[in-house]
Structure formats: structure tokens, C-alpha cells
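Single-structure report; data block below.
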Amino acid sequence: ESRSGTSRLLLLLAGDAHAGPGNRLEADPGDLVAAVAADAVGPGFDALQGGPGALAIFLLGCFLTAWIVGVAVCALVILFGTRAESSAWAAVNFLVMLAGVYYPVSVLPGWAQTVSAFIPLTYFLDAFRAGYGFEPAFAHPALMGFALSALYLALGHWALAAALTRSRRTGLLLKLSE
């Protein structure tokens, strides 16, 4: 009888009637989550197929992108108050779409591909896909992603410092703390 990885794990955790007593696995919830996730993306999917280096670069790129977005949102909230927060987070969904999370950037219209070229996450996704054998859309995608991330982090921290200075001068920082 063919069963998915999740089904096998659940049966072993609960005690399969055919396995007999005492044949249960001692597993933490992370094992179950991993098995369910593996079944969700399809049989035979291996996140490390592209190599641990590709996965590490991709994850670091995701963390850098989150850092950039977080600093930018903080600067906007300090400049414009809490009303800027919902607009900033909505813009993140647009950014993720343009970066090629849902589909390759090559299927976007020309203007959107140009905008995508300024998003670091685009390059990290391209590098990760290249680890799975897809043809990279950009030359040296990881290097470009790190270069853009460094630039945006420097600009973001400068903008945050400028926003703090301005909000101290205008008193908005005190209003936000109430």
C-alpha cells in the first residue's frame, strides 16, 4: 500500500495497527511539520538539491531583504507616524511579486522586469533557482544581490538616522511614544 510521507509518519506516531504495539516513533513536532511541508511541495522535493551553499545564500538574502524592509518601514513610521505602516507593509506584497517569488521575472512585462532588477531578492531567488538547474536570468546573481543589499542597507540606515533627527526636531517622536 502506497502512503505519503506524512501518512507514514502519522501512522507511526499514532501506532499503525499493522506495526504492532511498541513500534511508535518518538518524534518532536518539527518532524511532523517537516513531513507535512515535504508532502505539500510534492514527492521527491529536496530543499538541499541545489546544495547547502545555494540554500545558505538564499536564506541570507531573505534575511537581508527583511532587514532592508524593516529599516525602511521604521524610517517611514518615524517620519509620517503610524498611518504609514499599513501602506508600507502593503508595498511589501508588491515587492515580493516583482521579485519573482511566485514566478520567474522573465514572465513579467518589460517595465516590471526593469523594476525587478533593483530588488535584491530577485537576484537571490535567481541564484537559488540556478542551483536546481534552471538557467540564471542574471550574471552573478548572488553577487548582485549582496551588492544591492549593502547599498540599500547603507541608504536605509542613513534614512532612519535622518528620520530620527527630523522627528526629534518636530516632536513627532514624542507623539509616537504616547
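Some observations on this one:
- Per-pair calculated FRET efficiency, R0 = 22 Å: Leu151 and Leu59 via Cβ, rounded to 0.05: 0.60
- Between Arg166 and Ala117, the simple spin-label model (points 7 angstrom out along Cα→Cβ) gives 2.9 nm.
- Distance between the stretch 45-121 and the stretch 138-178 - C-alpha centres, whole angstrom: 15 Å
- With θ taken as phi - 60° and the Karplus curve 6.51 cos²θ - 1.76 cosθ + 1.60 applied, the whole-hertz 3J(HN,Hα) list for the stretch 110-124 is x, 5, 6, 5, 5, 5, 4, 5, 9, 10, x, 4, 4, 6, 5 Hz, x standing for glycine and proline.
- Using Cβ point charges alone (K and R +1, D and E -1), the dipole size of the stretch 105-178 about the Cα centre works out to roughly 460 debye.
Throughout, read-outs are computed from the coordinates displayed, never taken from laboratory work. Everything numeric in this text was worked out from a predicted model, so none of it was measured. No Cβ is skipped: glycine too gets one built from the backbone with ideal geometry, and neighbour counts run over all protein chains shown.
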